[in-house]
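Reviewing the structure listed below.
Each reported figure results from applying straightforward, stated rules to the coordinates on display, with no laboratory input. All values derive from a computational prediction rather than experimental measurement. For neighbour counting, all protein chains shown are included, and Cβ atoms are generated from backbone atoms with ideal geometry for every residue, glycine included.
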Amino acid sequence: MKEEEWNYLIKTQKDMEGVVASILMERGYKAKPRPYGFKGIVLACAEERGLRDIPEIEKAIKIDFLVRSELEEILSLGYEISKRIKDGETFAVRTKRRGKHDFTSIELNTRLGSLIREISGAEVNLENPDKTVLVEIIGETSVISIQEGHIGYKKNKGKMVRDLLSRTTVIQVPYLGPLDASKTMGVRIGRSAQAFEIKNLIISPWREVRAEELCTFIEGLLEGIRSRYEIQKRTYGREPHRVSVTLRDLYQLIREIWSMNKEKRLLIATDPRGEPIQKVKDEILREIKGKKSLFILIGSREGIPPGIFRFCDFTIDLCPGITFATEHGIPSSLIALTTLLEEC
């Protein structure tokens, strides 16, 4: 299949793809129904005006990029995609995967989202993004479309995501070191936490630290939360939730969480030493749905002390073989977990 031929991905009811393709070809356009055997899909090279009066077409997605369905090839478009996201805009990545591949939707969402965020500086907003990066994987071919605003998926999924975030507390090991680096990292982490409007953010050092470094990190954190919150107040059609920040010793905090009723809380640590998230996703989904409080533990430069893992319900590796930068911990974790909800 020549990738440069197609400029629209068309979705129809199953078994209607042949009808749409026939109409388009009668009009002199190119069309391929059921690419790689997938029903309800047509790849087309057509003008927009030629699609408007075909009732069998349920959705026509303008193709911005079309590549082979290989993870690194899709990620190689990160810079080009980032150029489509303007300063101050937020974004979300949505993936629909058809066929078998050596990567998952969660892995792609997490890595592509982190890459776009790193290149563009844009923040993730799963509920009301300014731009949605839509990735449609169709067998050996992948379509990428950058669309304005939020793209609705299955009914009530947005409500489920908001509910999850509203009961999520992130436990973040602070990033300490040179003061300028601590401040910058604090700002980035604060903006990420506020972008997702999580319930709480707990800063948890686990040993004696320099007060000046910790103070600088927290100053940056509060600055990042404040700046993102002010943007949300101006642009959202509702009152955003402002993330609260507290400071706790990590070991004492873990003891407290451990003593809580296990039927009401769930503690998840993110670490490359954990199980791949795809391997335990069904168990995590079952547990998340019944818990009042979700705690996500994210490390920093030195990682999480190994003894803590015994007290966690799950220790997950978000993307095997990849170690995320500290500022990507919150968006990567929450993108992965919300993607699980969207796939269930």
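Observations, loosely collected:
- Listed values for segment 268-275 are Karplus-derived 3J(HN,Hα) couplings in whole Hz (6.51 cos²θ - 1.76 cosθ + 1.60, θ = phi - 60°), namely 10, 9, 10, 6, x, 7, x, 6, and x replaces Gly and Pro.
- Cα gyration tensor category, rounded, prolate or oblate, for segment 158-343 with a/c compared to 1.5: oblate
- Listed cross-link partners Lys32/Lys86; Lys159/Lys262; Lys86/Lys199 are compared with a 30 Å cut-off, the Cα-Cα value being larger for Lys32/Lys86.
- For the chain, the longest principal axis of the C-alpha atoms and the axis of helix 105-120 are separated by about 80°.
- For Lys183, neighbours were defined as the other residues whose beta-carbon sits under 9 Å from its Cβ, and their charges (Lys and Arg +1, Asp and Glu -1) total -3.
- Cut-off of 10 Å, at most 13 other beta carbons, DSSP loop: longest stretch of the chain lacking such chymotrypsin sites (Phe, Trp or Tyr not before Pro): 1-152
- Compared with the dominant principal axis of the Cα atoms in the chain, helix 329-343 is inclined by about 50°.
- Between helix 211-235 and the chain there is an angle of about 40 degrees, using the helix long axis and the longest principal axis of the Cα atoms.
- Remark: Ile54, Ile106 ranked as Ile54, Ile106, counting other beta-carbon atoms within 10 Å and listing the fewest first.
- The chain shape via C-alpha gyration tensor axes, a/c threshold 1.5: prolate
- In the chain, the DSSP-assigned H stretches of four residues or longer account for a calculated mean residue ellipticity at 222 nm of -11500 deg cm²/dmol, using -39500 (n - 2.57) per stretch and the full residue count as denominator.
- Positive-end extreme of charge dipole, the chain - chosen from Gly50, Ser114, Tyr229 (charges on Cβ): Tyr229
- A prolate overall shape is assigned to segment 65-152, the ratio a/c of its alpha-carbon gyration tensor axes (a ≥ b ≥ c) being 1.5 or greater and a/b exceeding b/c.
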